[in-house]
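Below you'll find the structure, written out as structure tokens, and then a few comments.
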Amino acid sequence: MANDATPPTQERRGPAEPLPASEAPFDAIGLARHLLRSVRSGALATIDAADGTPFASLVTIATDSDGTPLMLLSRLSAHTRNLDKDPRASLLFSVGGKGDPLAHPRLTVTGRAARTDKPRIRERFLARHPKAKLYADFPDFGFFTLAPSAGHLNGGFAKAATLTPQELLLDLTGAEAVVAGERGAVEHMNADHADALALYAAGAGEAGTGWRLTGLDPEGLDLMAGERTARVPYPEPVRDMGSLRKVLVAMAAAARAADTPQPEA
């Protein structure tokens, strides 16, 4: 006897759409900003000037005070020639690690690249990549920013989110004093407070000594020891140098207390 039952229609499922960062069930904004600040090299994708083919290459990366990605590029490179014709580009930030590389978080930032000669950009990039001082002033090299238009975060299995430029970058309104005082604070900390920097790094899960401060902003510190990096967020954002000093003193005191063995009861 024929079965008259009609099987339910199977709808074809399209690709899953990532949630906006504000709706994600994890701290998508915090993770994206951490990747921006901690990754020192990544894949730069440009559009081939000849036929529009996507072209990917490896570049070194730093960030401006607000998190804007920075690059030092040679005009002799194919990606620079591509950007001169079409500034649209994207950068992939990926920390990597042991095991399946797709299990680790990564961030793609799309936007438009532009040349810049601002002294602060040069200082922040070279602080993050000191070896680049050897060639940064060659006439064929120049600094670039990537003004974000969007971010796509993959935080690992079943963790994906999209971000707006406002979610990727810091609003520096009211924090101009921190930006202006950054270089002096960095030099002071590196000269006189290496012990505190090691405590900050340990608090962020990075052991060892030899840590140097490469930059700071209203949300945290950027540290480096050799090729290792550490992003250390403050307990709360700061907007002036007085607040910064208080937060750094409190963070060092808390780290020392946590590192001191407690007497047995």
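The values are calculated or read from the model by the stated rules, or taken from the named source; none is laboratory data. Keep in mind that this is a model prediction, so the values were computed, not measured. Cβ placement follows ideal geometry from the backbone for every residue including glycine, while neighbour counts extend to all protein chains displayed. Heavy atoms of the whole protein, side chains included, go into the accessibility calculation; ligands, DNA and RNA do not. Shrake-Rupley method; radii C 1.70, N 1.55, O 1.52, S 1.80 Å.
With contributions of -39500 (n - 2.57) from each DSSP H run of at least four residues, the per-residue ellipticity at 222 nm computed over the chain stands at -9000 deg cm²/dmol.
Can you tell me the orientation of helix 194-203 relative to the chain, as the angle in degrees between its alpha-carbon axis and the longest Cα principal axis, to the nearest 10? The two axes meet at around 30 degrees.
Which length gain, in nm to one decimal place, applies between Ser41 and Val179 when the Cα-Cα distance is subtracted from 0.36 nm times their residue separation?
Values: separation 138, 0.36 × 138 = 49.68 nm, distance 2.37 nm.
The span from Ser41 to Val179 would gain 47.3 nm if fully extended.
Rounded, prolate or oblate: which fits the stretch 150-194, taking a ≥ b ≥ c as square roots of the Cα gyration tensor eigenvalues, rounded meaning a/c under 1.5, else prolate when a/b beats b/c? Here the stretch 150-194 falls in the oblate category. Site pair Ala207 and Ala191 shows an inter-label distance of 3.3 nm when each label is modelled 7 Å from Cα along Cα→Cβ. Computed with a 1.4 Å probe over protein heavy atoms only, the accessible surface of the chain comes to 57 Å² per residue. Which angle between 0 and 90 degrees, to the nearest 10, do you get for helix 28-38 versus the longest principal axis of the chain when only C-alpha atoms count? The helix 28-38 is inclined about 60 degrees to the chain.
As an equivalent ellipsoid, the stretch 43-162 spans semi-axes of 25, 18, 13 angstrom, where each value is the square root of five times an eigenvalue of the C-alpha gyration tensor, largest first.
Taking K and R as +1 and D and E as -1, what net charge do the other residues with C-beta under 14 Å from the C-beta of Phe143 add up to? Please report the intermediate quantities before stating the final value.
Values: positive: Arg75, Arg115, Lys118, Arg120, Arg122, Arg124, Arg128, Lys133; negative: Asp64, Asp117, Glu123, Asp137, Asp140.
Local charge sum for Phe143: +3.
What's the whole-number percent of alpha carbon pairs in the chain lying beyond 24 angstrom? Tail of P(r) above 24 Å: 55 percent of Cα pairs. For the stretch 110-207, the Cα-based Rg and Dmax, in that order, read 17.3, 46 Å.
For a paramagnetic label modelled at 7 Å from the Cα of Thr53 toward its Cβ, which residues of the stretch 73-117 fall within the zone defined by backbone nitrogen distances under 15 Å? Only 78-79, 82 pass the distance filter. Got a sec? Which residues in the stretch 163-190 would a label at Val249 touch, if it sits 7 Å along Cα→Cβ and we count backbone N under 18 Å? So the set is 185-186, 188-190.
At a 1.4 Å probe radius, carbon and sulfur cover how many percent of the accessible area of the chain? Within the chain, the accessible surface is 56 percent carbon and sulfur.
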